[in-house]
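Colleague: My structure is below; once you've seen it, I'll send some questions.
The values are calculated or read from the model by the stated rules, or taken from the named source; none is laboratory data. Being a predicted model, the structure only gives us computed values, none of them experimental. Please note: Cβ atoms are built from the backbone with ideal geometry, for glycine as well, and neighbour counts cover all protein chains shown. Areas reflect the complete protein model, heavy atoms only, side chains present, ligands, DNA and RNA absent. Shrake-Rupley method; radii C 1.70, N 1.55, O 1.52, S 1.80 Å.
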Amino acid sequence: MRRQRPTLIAVSTLIAITLTTAAPTPANAAPPDQVTALTAHQADGYTTLAWQPVDGATDYQIERTPVDADNTPTGAPTIVGIWRPNRQINQHAPTFADSGYNPGDTFQWRVRARTGTTEQPYSDPVTATTTAPWGNPTTLGEQLRTGWETTHAAQYTSDTDEYAYTAAIDALSDRVRVVELGRTVQNRPINMMVIGHPIPAATPEAVAATSPVAINCNVHGNEPGDREACLIMVRQLAFSTDPRITDLLNHTTVLIVPTINGDGRANNTRGNSTGQDLNRDYSLIRQPETTAYITMVRDYRPVAGYDGHEFGNSRAGDLPMLPPRHQNVAQPIFDQSQDMIEGHMYAKGAEAGWWACPYGCEGGGNVGLSEETILRNTLGLKNVTNSLLELRSSGGQTRPDEGNTANNRRRKTYSALWTFHQFLDYHRADRADILASRAEAIETQAANTGRLVFRGSRPIPAHPAPHPGDSPPPIDAPPADLILDNAPCAYKLTDAQYNGARTDGPGGVGTTVAQRIAAHGWKVITIGDDHYVPLNQPERGLIPLLLDTKGVERLTDGERIYPTLTGRRNGPLTVTGFTCADDATINGPVTVRAGAALVTTATTISGPLTATGAAGILLADSTINGPVRITTTTDAISIIDATIAGPVDLSGNTTGTDAPVLAGTTIRGPLRCTGNNPTPHNLGIANTVHGPRTTQCAAL
């Protein structure tokens, strides 16, 4: 259970580069039911208004008036916000984030309470100049602006403007490296900003070692508000000298993909140029855009993520959020994601004035269920703490001034900018918990225990009244026919299934199952003409969804392979072919012959384990009471959450592009790794070694 965060918080703003406070104008004794103690705090693109609550108030109206340098009104006063009790968890300190204005302009604000429909007296006014767009216009790099900023939100940034803007940041900041992940169907680049301080790590594996965070900004082409926020934040991260920013970047790497769906953005369509909703393709990866992103997740191994969208429900909160709900997501990842949302975002939203709530919020309907094709679920199944972010598309009743298109766009973008900065702050403060949750999830998944669910969501209970919203996401219990209680050891695919041509990609041409499995990063063992995908892997919850006959959106119908060795076996064991041991006790030495494979879970081997020229060795949640020597393996090596009472030697293994994994394992003896290609890694989960670690495994 994650720690509970406080819900009574002093009003402040964490992400402001410059924080200013406008004090209320002195006045005589306030009339009854008049709002008092109104303050206005300025931040990036919004103003946090805070006031003393009025007993019995049903809601509050926020009024804004443009003024000149002499505080003379230059336009009509306008009701720009409605505060309601379901906005925030801290009812004793009401706040409202006003963002429907051109940053840098000067305004006067007043707030009044309403009791039912009865309007009470306005507060005394406060006047302040809002914070201009981030970056000194005379400082190289900081002076860069997006097309959205230069047009005062009248136009979104075009694809060519985005490429020029990010290329300029890349050229001017040592902190940023632009990496092309792939190309869209229409050959637009899919760029990712790799950001670190003083410079980003040089390789994907080195970035992975920093426990990076990833933000996906524009999966639906006609939902660009998050994308504009990402582009602004890239500039801030690239050039800011604020100690908070440099501290964040000293402790992690930030990965930002501004436009995964460049074709959809250029055409202002939800899907890509083939009409595919990319957020229904992150498991199947039929499209080049989703393949590029999932391959990035495999290589860079982000430990936390956010996925940006817009939401058409005008009755929802400012910032509907939702964790990975699929029931195959490991409990620690679900809990950590919920802590990020309810423990952090709700609390900080109450502090800054943003209305964070569960996806669906008020009148949300049947949204956000268990499809593994949705990025938040795919990431959760890949053991990534993460959340969906929705920006309410229209102002609705709580933001009545957003009939003005530019004001509506500003609120969406600056609320997203706030969220993404809070995401970075959460990772900075809770990194140890995030990594512990990830390690526990990986070890739990690799143990291959518990039922498999092919459709079904974890419940999201309603947050205690009065916040936030009246409609938590709907119950999505798995139907009985989509539950598999007896999980197999592996799936076997024929060569035709594995390498055969497919027609489910753009233009009727699809990548093979083999290519998609490789993009996901799963280990595969080939014996003869058969290809085995074991389940004792970190993504155990996702594998059956694509390979089992029960899969709702599957790639192929794999054959379930159940354990061939259980219970007690006395004497030496020689492994030929594909052998799967589960809950077994083997009293004697084990030898894996050339071309054979051994897969174990919850198994104890009392004796040495020797494999020479094997096709694959995958050990999880197992104990070996003796030395382990694995040499010249050809396909796959994985040792996760094992206990080995003796020396371990991994030598001369050549497993193609699939690096051997040694993670979360206790070795009571020396660890020697030499001549392996690729070099073994530990998934970011340290091993405990009671002896020297040499050569390739020195850092594991």
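Colleague: Output the peptides 568-575, 209-216, 301-308, 516-523 sorted from most to least packed, where packing is the average of other Cβ atoms within 10 Å over each peptide's residues. All intermediate terms of the calculation are to be shown ahead of the outcome.
Modeller: Details: 568-575: 13.6, 209-216: 24.1, 301-308: 25.8, 516-523: 20.6.
Per-residue mean Cβ counts within 10 Å order the peptides as 301-308, 209-216, 516-523, 568-575.
Colleague: Quote the Stokes-Einstein diffusion coefficient, in whole µm² s⁻¹, for segment 147-206, based on the Kirkwood radius over alpha carbon pairs, a temperature of 20 °C and a viscosity of 1.002 mPa s. Before the final figure, lay out each step's value.
Modeller: Values: Rh = 13.0 Å.
Using the Kirkwood radius from Cα pairs, D works out to 165 µm²/s.
Colleague: For the chain, report the accessible area per residue in Å² (1.4 Å probe, heavy atoms, rounded to an integer).
Modeller: Numbers: 23800 Å² over 700 residues.
With the other protein chains kept in place, the chain gives 34 Å² per residue.
Colleague: From the cross-link list 382/523; 382/492; 492/550, which pairs have alpha carbons spaced over 20 Å apart?
Modeller: Working: 382/523 14 Å; 382/492 22 Å; 492/550 15 Å.
The answer is 382/492.
Colleague: Another question about this same structure. Return the inverse of the average 1/r over all pairs of distinct C-alpha atoms in segment 99-150, which is the Kirkwood hydrodynamic radius, in Å to one decimal.
Modeller: On the way: mean 1/r = 0.0714 Å⁻¹.
Evaluated over segment 99-150, this radius sits at 14.0 Å.
Colleague: Identify, among 308, 187, 688, the residue whose Cα sits farthest towards the positive end of the charge dipole of the chain, taking +1 on the Cβ of Lys and Arg and -1 on the Cβ of Asp and Glu, with the dipole about the Cα centre.
Modeller: 688
Colleague: Moving to a separate point now. With only Lys, Arg, Asp and Glu charged, each at its Cβ (+1 for the first two, -1 for the last two), find how big the charge dipole of segment 263-319 is about the Cα centre; round to the nearest 20 debye. Could the numbers behind the result be given before it?
Modeller: Working: 7 positive and 8 negative charges, 22 e Å.
Using Cβ point charges on Lys, Arg, Asp and Glu, segment 263-319 gives about 100 debye.
Colleague: For segment 224-336, what % of the accessible area comes from carbon and sulfur atoms, probe 1.4 Å? Mind showing how you got there, number by number?
Modeller: Working: 1070 of 2400 Å².
Carbon and sulfur atoms account for 45 percent of the accessible area of segment 224-336.
Colleague: Just to be sure I understand: if I project the alpha-carbon convex hull of segment 441-492 onto a plane and average over all orientations, what area do I get in nm²? If you can, show how the numbers build up before the last one.
Modeller: Working: hull surface 21.9 nm².
Answer in nm², one decimal: 5.5.
Colleague: In 5 Å bins starting at zero, report the fraction of Cα pairs in segment 283-382 per bin as a rounded %.
Modeller: 2, 12, 20, 22, 21, 13, 8, 2, 0
Colleague: Turning to a different aspect of this structure: Keeping every protein chain in place, order 689, 207, 509 by accessible area at 1.4 Å, biggest value first, i.e. largest first. Walk me through the numbers before you get to the answer.
Modeller: Working: 689 20, 207 0, 509 100 Å².
Most to least solvent-accessible, the answer reads 509, 689, 207.
Colleague: Can you find, among 607, 639, 678, the residue sitting farthest towards the positive end of the charge dipole of segment 583-678, where Lys and Arg contribute +1 and Asp and Glu -1 at Cβ?
Modeller: Positive-end residue among those listed: 607.
Colleague: Given a Förster distance of 35 angstrom, what is the FRET efficiency for residue 58 paired with residue 222, based on the Cβ-Cβ distance and rounded to 0.05?
Modeller: Working: r = 36 Å, r/R0 = 1.03.
Plugging the Cβ-Cβ distance into 1/(1 + (r/R0)^6) gives 0.45.
Colleague: If you average 1/r over all unlike Cα pairs in the chain and invert the result, what Kirkwood radius do you get in angstrom? If you can, show how the numbers build up before the last one.
Modeller: Working: mean 1/r = 0.0373 Å⁻¹.
Evaluated on the chain, it is 26.8 Å.
Colleague: Can you pull a Stokes-Einstein diffusion coefficient for segment 522-621 at 37 °C (0.692 mPa s), Rh from Kirkwood over Cα pairs, as a whole number of µm²/s? Could you put the intermediate results ahead of the total?
Modeller: On the way: Rh = 14.2 Å.
Estimated diffusion coefficient is 231 µm²/s.
Colleague: Calculate the dipole size of segment 448-598 relative to its Cα centre from +1 charges on Lys and Arg beta carbons and -1 charges on Asp and Glu beta carbons; express the result in debye to the nearest 20.
Modeller: Working: 14 positive and 15 negative charges, 83 e Å.
Its charge dipole is roughly 400 debye.
Colleague: For the residue pair residue 209 and residue 168, what label-to-label distance in nm results when each label sits 7 Å from Cα along the Cα-to-beta-carbon direction?
Modeller: 3.5
Colleague: Would you mind getting me the FRET efficiency between residue 552 and residue 247? Use the beta-carbon distance for r and R0 = 45 Å, nearest 0.05. Display every interim value, and only then the final one.
Modeller: Numbers: r = 44 Å, r/R0 = 0.98.
After rounding, the FRET efficiency stands at 0.55.
Colleague: For segment 186-292, what is the convex hull (Cα atoms) projected area averaged across all directions, in square nanometres? Walk me through the numbers before you get to the answer.
Modeller: On the way: hull surface 28.6 nm².
Computed as one quarter of the Cα hull surface, the answer is 7.1 nm².
Colleague: Same structure, new question: Could you tell me which residue out of 667, 206, 285 lies farthest along the dipole of the chain toward its positive end? Charges go on the beta carbon: Lys and Arg +1, Asp and Glu -1, centred on the Cα centre.
Modeller: After comparing all options, I get 667.
Colleague: While we're on this one: Percentage of Cα-Cα pair distances in segment 357-415 greater than 14 Å, rounded to whole percent?
Modeller: Numbers: 1114 of 1711 pairs.
Beyond 14 Å sits 65 percent of the P(r) for segment 357-415.
Colleague: Right, another one. Express in whole angstrom the spacing between the alpha-carbon centres of segment 271-321 and segment 375-408.
Modeller: That distance is 13 Å.
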